[in-house]
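Following: one structure in structure tokens, then a few remarks.
Computed from the coordinates by the stated procedures, all read-outs in this text should not be read as laboratory data. Keep in mind it's a predicted model, so treat the numbers as computed, not measured. Glycine gets a Cβ as well: all are built from the backbone with ideal geometry, and neighbour counts include every protein chain shown.
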Amino acid sequence: MNLHAIKAIYLFEMARTWRTLWQSIVSPVISTSLYFVVFGAAIGSRMQEIDGVAYGAFIVPGLVMLSLLTQSISNASFGIYFPKFTGTIYEVLSAPISTCEIVAGYVGAAATKSVILGLIILATAAFFVPLRIEHPLWMLAFLVLTAVTFSLFGFIIGIWAEGFEQLQFVPMLVVTPLTFLGGSFYSIDMLPPLWRTISLFNPVVYLVSGFRWSFFGTADVHIGVSVAMTLVFLVLCLAGIAWIFRTGYRLKA
């Protein structure tokens, strides 16, 4: 394992974060804070508790997950797309480093940024709503697992994309709607039976539910199922990346 290569890619990507601090950290935190103000304070004060949890606190895991998913995909996809766009990806591919080391560098940096952002949003949420975390270790584990999984997914999107429009297509038109419909702002038990069944086909439901369990000990789906679904998606992403590097899909001219 070439740790120097991983470190070089990782540090380069992390340095890009500090150069674009407003876009990478400040902007998502401000946007999420507005959700807390509107949904947590204004609307939440007029809504009843859900599973014994105040509505303002109930939506915190969903909002963190919303930011985590979109930022993981965005960070990883932009990180690998720009080397493709500028042509420097060929220097990386010709260097004496393996596929695992390339992926570890790019995905590791993207996941780190997302985890940092998630923790900042959690700290910010404490200023707006009373927050408790019953299973902090599970919360951190789920945070890291989700960040890594969707950073891998973003890495695939960055390789697949041939333009900035495609780069934004999946996060904006697929992932974000699925997150809003995945129980971020409500419990799927509140839905009619038919829509509750349909919601179970939304993979984001399992992510939000598992993450919410680590906070309040209640969930729409059993925590074991949530972790299993996340791991399945992780394996699929790894298989997809392995196929991309084996075939050279959109990497080789």
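Note on the stretch 20-151: Cα-only Rg and Dmax are 17.8, 60 Å.
Taking Val148, Val64, Val26 as the candidate residues, the one with maximal mean-square fluctuation in a Gaussian network model of the chain, Cα springs under 10 Å, is Val26. Of all lysines in the structure, those lying under 24 Å Cα to Cα from Lys252, and not within fewer than 8 positions of it along the same chain, are Lys84.
With 0.36 nm allotted per residue and the present C-alpha distance subtracted, the Arg196-Glu162 stretch has 8.6 nm of extension available.
Secondary-structure-derived ellipticity at 222 nm for the chain, considering helices only, amounts to -22000 deg cm²/dmol, per-run term -39500 (n - 2.57) for DSSP H runs with n ≥ 4. Highest mean first, the peptides 46-54, 235-243 sorted by other C-beta atoms within 10 Å per residue fall in the order 235-243, 46-54. Between Leu122, Ser151, Leu66, whose Cα lies farthest towards the positive end of the dipole of the stretch 63-201 when Lys and Arg beta carbons carry +1 and Asp and Glu beta carbons carry -1, centred on the Cα centre? The one lying farthest along the dipole's positive direction is Leu122. Remark: relative contact order (the stretch 172-230) = 30 percent; criterion is Cα-Cα distance under 8 angstrom and separation of 6 or more residues. Please report, ordered by residue number, every helix of the chain (full DSSP H runs) that is 15 Å or longer along its axis going by C-alpha atoms and whose mean Kyte-Doolittle hydropathy reaches 0.0. Helices passing the filter in the chain: 3-19, 60-86, 99-125, 136-160, 203-216, 223-247. How many angstrom lie between the Cα centre of the stretch 57-119 and the Cα centre of the stretch 134-160? The two parts, judged by their Cα centres, are 10 Å apart. Working note: Debye formula, equal point scatterers on the alpha-carbon atoms of the chain, no solvent; log10 I(q)/I(0) at q = 0.16 Å⁻¹ is -1.16. Taking 22 Å as R0, compute the FRET efficiency from the Cβ-Cβ separation of Phe127 and Leu34 and round it to 0.05. Using R0 = 22 Å, I get an efficiency of 0.95.
Simple point charges give the picture: +1 on the Cβ of Lys and Arg, -1 on the Cβ of Asp and Glu, and for the stretch 3-247 a dipole about the Cα centre of about 260 debye. Mean-square fluctuations from a GNM of the chain, with a 10 angstrom spring cutoff on Cα atoms, peak among Pro130, Pro177, Pro192 at Pro192.
Ordered by the number of other Cβ atoms lying within 10 Å of each residue's own Cβ, fewest first, Thr230, Thr88, Thr179 fall into the sequence Thr88, Thr230, Thr179. Tell me, what is the FRET efficiency for Leu119 and Lys252 to the nearest 0.05, using R0 = 30 angstrom and their Cβ-Cβ distance as r? Efficiency computed from Cβ-Cβ geometry: 0.20.
Here the Gaussian network model covers the chain, with springs between Cα atoms less than 10 Å apart; of Ile102, Ile59, Ile157, Ile102 fluctuates the most. Here the relative contact order of the chain, from alpha carbon pairs under 8 Å that lie six or more residues apart, stands at 25 percent.
With Rh defined as the Kirkwood radius, the inverse of the mean 1/r over Cα pairs, the Rg/Rh of the stretch 168-253 is 1.09.
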